[in-house]
Structures are given as C-alpha cells and as structure tokens.
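Right, one structure below, let's go through it.
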Amino acid sequence: MQRLGLVRDIDLALHLPLRWEDETRLAPIGGLRDGQTAQVQGTVREARVELRGRRQLIVSIQDDSGAAITLRFLHFYGSQVKAWVPGVMLRVRGEVRVGLLGREMVHPAVRLVAADTPLADRLTPVYPTTAQLPQAYLRKAVAAGLARAQLGEILPPGALPAGLPALREALHTLHHPPPRASLLALEDRSHPAWQRLKAEELLAQQLSQLQARREREQLRAPALAARPGGLHEKLLGVLPFQLTGAQRRVGEEIAADLARTQPMHRLLQGDVGSGKTVVAALAAAIAIDAGWQCALMAPTEILAEQHFRKLVDWLTPLGVQVAWLTGSQRSKQREAMLAAVASGDAALVVGTHAVIQDQVRFCKLGLALIDEQHRFGVAQRLSLRAKLVEQRLEPHLLMMSATPIPRTLAMTYYADLDVSTLDELPPGRTPIVTRVFADSRREEVMQRIRDAVEQGRQVYWVCPLIEESEESEQGGEREQGRRGAADTGAGMGRSVGDIGAGMGRSVADTGARVSRQALQNVTDTHALLSEVIGPGADGQPRVGLLHGRMKARDKAEVMDAFAAGRLAVLVATTVIEVGVDVPNASLMVIEHAERFGLSQLHQLRGRVGRGAEASTCVLLYSPPLSPTGRERLKAMAETTDGFEIARRDLAIRGPGEFMGSRQSGEAMLRFADLQQDQALLDHAREAARWLWAEHPQAARTHIERWLASRAEYLKA
C-alpha cells in the first residue's frame, strides 16, 4: 500500500479505477461473440484435468438454454478441481474466444453461486495495484478509506467551474458507477465526476506552484551584479564568436536575476546546439567576479568533461581556477580538488553528481548550474541548493535543458520557474538531412559510410541501449521510454519515496549500464564496420568503440581520438547522446531508431551538423513499424526544430508520459490531460491567483488534501 502511496484516507479515496467491469447483467452463452468480454452463468457439465504438454483444467458449463462454453485454466489449485464438479453453478466473466471447438474462455474470473445469488448493482472497479496486493483487498481498503475520508467542500464558490458535482458524490460515482452510467464517458474521462476531479487536481497543482514561488520570494541570496570592465566583459571579449540575439537577450535576463537578493530560479531551455553553455559561462563569470563560487553539475562524465574543457579554455586565461569532480577520480586528485573547493581557490566547480556529495564543502557557493536538469532527481537538485544554508543564504539556481517543452507545458509544470528560451541557432550551422531506411538496406548504408570516410568525413553509428533488466524480445516499441530520464517519461505511478532513488543510472559517472545483448550488438557492429572500413594508411584502426561499461579513462581516450580525427567512425551506445561536440562529424546512423523516443532521437541527431559540412542522419528501423513508431520517424524526417519535435512528441505520447514527473520522478498530474482539459487549466490558473489573494486558508487546505506528501519536492 505504501508503494502505491496509499497512506491516508484521502489517498485511498483518490486511488481511482483503471477500468470498470460490468457484473450487473448476465449474457446468454448462445449469443456470445468472438472477442467479447462478458459475464455468464451456468451449471458445470464436465470438469477434467488434461495433459497437453502441461496440465490444464478444462471445465464445461451450460446455461438454461442448453448452450455451452469451455473454461480453460493453465494454472489452477486442487481445491478448484474439487469444488467445480458437475452440477454446481458458476458465474464466470472473461473474454470469449470462438474457434473450431466452439466457445471458450481462458482463465476467466469464477465465482461459485446459487441460482438466486443476486447480481452486482453497480459496475465493479479494477484498481491500479502492485504485486501481492489483490483486487479484493484493495477494493475493501478503498471503500473503507472513501467512507472515512474528510471530503467536505472546502473551496469557496467560484474556485471551480460551475455545474460540477460535489467531491464526495464525484468520487462515489467513479468508485461505484451505477449500471446506467455511460462506460464510454467513464473511460474517456469526460464524465462530470471526472471533470470535478480534474478541476480539483489542476487547481491544487497551480496553487502549489504559486506557493513555492511565494515561499522562494521570502528567501535571500547573494546579490551578484556584473560590473563594468569585469570578468563578464572580459569573457565576451575573448570568445571566438559573436553571441546570437537570443543569447544576448537571455544573458540579460539572467544578469538581472543575479543582481537581486531573491534567489534566481530559472530554466534555460534551448534546442540542441543553441549555445546554452556559453550563456552559463557568462552567468558564472558574473558570480565569480562578485567573489562567489559557481558549481556546474552534469548527468554524465562525458558531458561534464565537455563543459570542463570549454570552460577551462574560456576562463583559465582570465585567471579563474576551475575544479573537476567526478566519482572516478583517484583519491589524491580528488583530495586536492576538494581542498581547492573548500578554500575558495576553485571559483568554478564542474562535475557529475559527485558535486553534491557530503564531503564537498564550498567556501561561498553563489550560483548553481544544472545541465540536462531532467536527468536529476528532485532530491539531488535540493542537495545542491542546500550547500549554502550555513550562511542563511540560498544560491541562485539556473537549470538547463536541451529538451524543449511546448509553451502550455512550461506554463503549467513550471509555473514556479522563470523560463528563458534560446530560440535561435548560431550562424554557420548547416541543416541536417534525415533519411529513414529499413535495416534491409544496412549493407548499402555501410558502403555509403565507407565512401564518406574516404572523403575525410567522420561518422557516428549509434546502437540502442537496453538495460540489464530489459529483454529484447519484449519488442521494439516497448523500448520507447525505457530510459525514462532521457525521454522525460519516467514512471507515472511511483511514490515520493522513489523520487530521485531510481535516478542513479542516469547520473552514474560510468554512463548508462549496457546489457549483454546491447553490448553484443555494439561490439558486433564495431567488428563489422572495422572490416568494411579497414585500417588507415598508418595501419591503425579507424573505427572506435564506446559504451557505458568502459572505464572512464578508456572512454576519454576514445573520445579524444575521435575528436582529434584519428578515428573516422565511432560506434557507440547512447552514451554520446549529450555533450559530444566534434564539428567534423557530419554523418550519423541510428540503428533500431524505432526503439528511441523523439526527444532522444533529436538529441542524438544534434551530435552532427556542428560544422560547415552538410550533415546527414540515417534512421534504420526494423519492420513492421507500429503506428507510434511510424509517427516518430516521420516527425524526425520532416523537421529539425526541437520545439516542433516537442510539440509532436506531446501529441504522440500525451503530457503525462512526455513530462513524466515534472522530469523528476513523481507524476504531478494523475487525472488531467493538458491537451483535452485546456479550459479547466485556464480556470485553475486564474482561480489559484484569486484564492491566494482572497482565501489563503482554503488554498492551503486544498494543497494539503491533494499534495501533502509531496510538499518538499515542490521546492525543487
């Protein structure tokens, strides 16, 4: 029950059914159709145990008309064999199959009844559950919680749209719909009872975001003002390129935030290659020039190292000491870095989640930068912000994401954040042409790669990542979203205790874990391409291999060789998804592209098109494609705009899966749909402001009812 978050009566009352079964009527066996789910009642005519490769219990029943149906059980108990003997009456519910041997049901739900046993007077709820928690127990628990829960009306008139039922009435309808209730309206969530729940949930979500913003306004942070002729201007002077208009605009927004004594809490979102790193560097320069430290945390060692190298190149000539912290460092090097951080000598600290470990002590942390912020759990983000509490100050917080989100989602999920958007790519970037091929053309693609290599071009070949616990036979389409952190679709039903707990895979210094099968896939591809491409003129291999099980030092060596041009082809898992910047790489092949989510495909594609050379991304897929897979690949072929990709991803997957848990582990919306319920959302947004202004106690009570167990995590 705790795993499902069912700890209070109101939690039980709000644990709504996945679907409803109609046990209020009996269907005549003679009228059953293939594929129909129905409830029938009949007398056992025959029951026997057969051995057909495995033991099966076969039971035949017939109703008053004489029509019969066979019940087949592959798993059964001896007590059932003893109870279901000829002459007893059974009430059975399941899916009907009609074949050569007549009608049958496989593993239906069965009850032993008498001829006068009454039918259910309401639809039977089927609840989301977990292992070892049977429906019968859950139904009793929910019914008891619903009876005990305090469900009185706590909101003043006008807080919710007019014409909706009372909360208790709505919940009772959803848990125990009357037989006359429209099953379609219940299942598509258009029923007035659902509308009441959605309106309440959206209002609680908007109230909580406004509350988080109000509480943050009471906190204090160091005022970090840029000074004329300071480090900020010096950095602008040494950059080897001109800022885009979007970078200048966003930089000014961030500089204005840093100059205030209220903590900045800003999300910087921009498409792949839009130049977020230089904006972060300019913000860091302001903080450092004001005498404060800055920390930059990235989810993988490869991405952190890319940031480290760029920042060292830009800032070290200006006299800034940059420290490097990851979990794979040797103890002596790590101790030296920790000492530099603690003394304040290291003005900028770059690293993975090692930056937030207990032994890391900052002298004066004024600005925290979190890249690819959706890959970090809420608890991890809170840990970084807590590094300054000894001085009764909060650091300014700038979160970055290359996974753009549509405006509606940004306004809803990030109502407590200021959002800056880099909507302009640097000049000189060449558009990327995307081609979609069936994997039957693999040999043709490899020959094209060979031709490209002979012309001096560099190539990525990406193999899908399948985690240890996932089996490939589960099918290509189910691969989508498995790396929840990467696709922002992490599990919808996890409890708050799970927030951040499952995130270690996505922030581990060694990169994502690779299964035996994925490892075989990537090594086989590496061997095949090595044979096709052949060695260079100096006899050295021209094809490199990169995956998450390699040691950090080995990965760094491979990346260095590829960046320096000593390797022509890099065969890799999705460990290269973010942070890899090799301008000469102008061709990418993504194998089993149908297994990836849209945002991940877009991230991968962003590794090419970084130089002046025309770039191509080839998506190889294994037919047949599902409708969802076809839509994804079509979107990738038609547009390279990250915001359009995000819009289509939202349309394909829906907001719950798209955002996951505010990209952090806990689903913020359980019932509402941001596309279908726009009118309810607009009302909730306005009502939330009015409630905080005119009825603050009602606002707090409503948040407590809906979000009490998640209050701490709203702060991140």
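The values are calculated or read from the model by the stated rules, or taken from the named source; none is laboratory data. Bear in mind the structure is a predicted one, so any value in this text is a computation, not a measurement. Methodologically, a virtual Cβ is constructed for each residue, glycine included, from the backbone with ideal geometry; neighbour enumeration extends over all protein chains shown. Surface accessibility is based on the protein's heavy atoms, side chains included, excluding ligands, DNA and RNA. Shrake-Rupley method; radii C 1.70, N 1.55, O 1.52, S 1.80 Å.
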Roughly how many Å is it from the Cα centre of segment 546-586 to that of segment 46-125, as a whole number?
-> 60
Label point 7 Å beyond Cα of Y77 along Cβ direction - residues of segment 107-133 with amide nitrogen under 17 Å = 107-113, 132-133
SASA check, L18, accessible area w/ 1.4 Å probe, all protein chains in place, rounded to nearest 10 Å², comes out at 110
Is there a pair in K364/K555; K198/K634; K140/K198; K332/K555 whose C-alpha atoms are over 29 Å apart, and which pairs would that be?
-> K364/K555; K198/K634
To the nearest 0.05, the calculated FRET efficiency linking T24 and A166 through their beta-carbon distance, R0 being 22 Å, is 0.35
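At a 1.4 Å probe radius, which order do S65, S530 fall into by accessible area, largest first? Can you show the working numbers first?
Details: S65 90, S530 40 Å².
Of S65, S530, the descending order of accessible area is S65, S530.
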If each of R442 and L236 carries a label point 7 Å out from its Cα toward its Cβ, how far apart are those two points in nm?
-> 5.3
Could you go through segment 67-83 in sequence order and give the Karplus-derived ³J(HN,Hα) for each residue, using 6.51 cos²θ - 1.76 cosθ + 1.60 with θ = phi - 60°, rounded to whole Hz, and x for Gly and Pro?
-> 6, 10, 9, 9, 10, 10, 10, 8, 10, 7, 10, x, 5, 5, 4, 6, 7
Straight-line reach from K234: which lysines have Cα under 20 Å away, leaving out those fewer than 8 places along the same chain?
-> K276, K310
Placed amide H near R435: partners under 5 Å, 5+ positions off or other chain | C617, V618, L619
Go ahead and run the numbers for FRET between V126 and V433, Cβ-Cβ distance against an R0 of 60 Å, rounding to 0.05.
-> 0.80
Nearest 0.05, what FRET efficiency do E252 and E557 give at R0 = 45 Å with Cβ-Cβ as r?
-> 0.65
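Compactness ratio of segment 552-606: Cα Rg over 2.2 N^0.38 Å, N = residue count?
Details: Rg = 11.7 Å, N = 55, 2.2 N^0.38 = 10.1 Å.
Scaled against compact globular proteins, the figure is 1.16.
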Other-chain or far-sequence residues with amide H under 5 Å of Y460's (modelled H) | L570, L587, M588, V589
Pull up all non-local amide H partners of L71: gap of 5 or more, or a different chain, and H-to-H distance under 5 Å with H placed in the peptide plane.
-> V59, S60, I61, M105
With all protein chains in place and a 1.4 Å probe, K634 shows an accessible area in Å² (nearest 10) of 100
Please give the length that would be gained between R220 and V98 if that part of the chain were fully extended, namely 0.36 nm times their separation in residues minus their C-alpha to C-alpha distance (nm, one decimal).
-> 36.9 nm
For segment 458-463, what does the Karplus curve 6.51 cos²θ - 1.76 cosθ + 1.60, with θ = phi - 60°, yield as ³J(HN,Hα) per residue in whole Hz, taken in order and with x for Gly and Pro?
-> 10, 9, 9, 10, 9, 9
From the phi of every residue in segment 207-216, what ³J(HN,Hα) in whole Hz does the Karplus formula 6.51 cos²θ - 1.76 cosθ + 1.60 yield, where θ is phi - 60° and glycine or proline is x?
-> 4, 5, 5, 5, 5, 4, 5, 4, 5, 5
Find how much the distance from S331 to E704 grows on full extension, using 0.36 nm per residue of separation minus their present alpha carbon separation; answer in nm with one decimal.
-> 129.7 nm
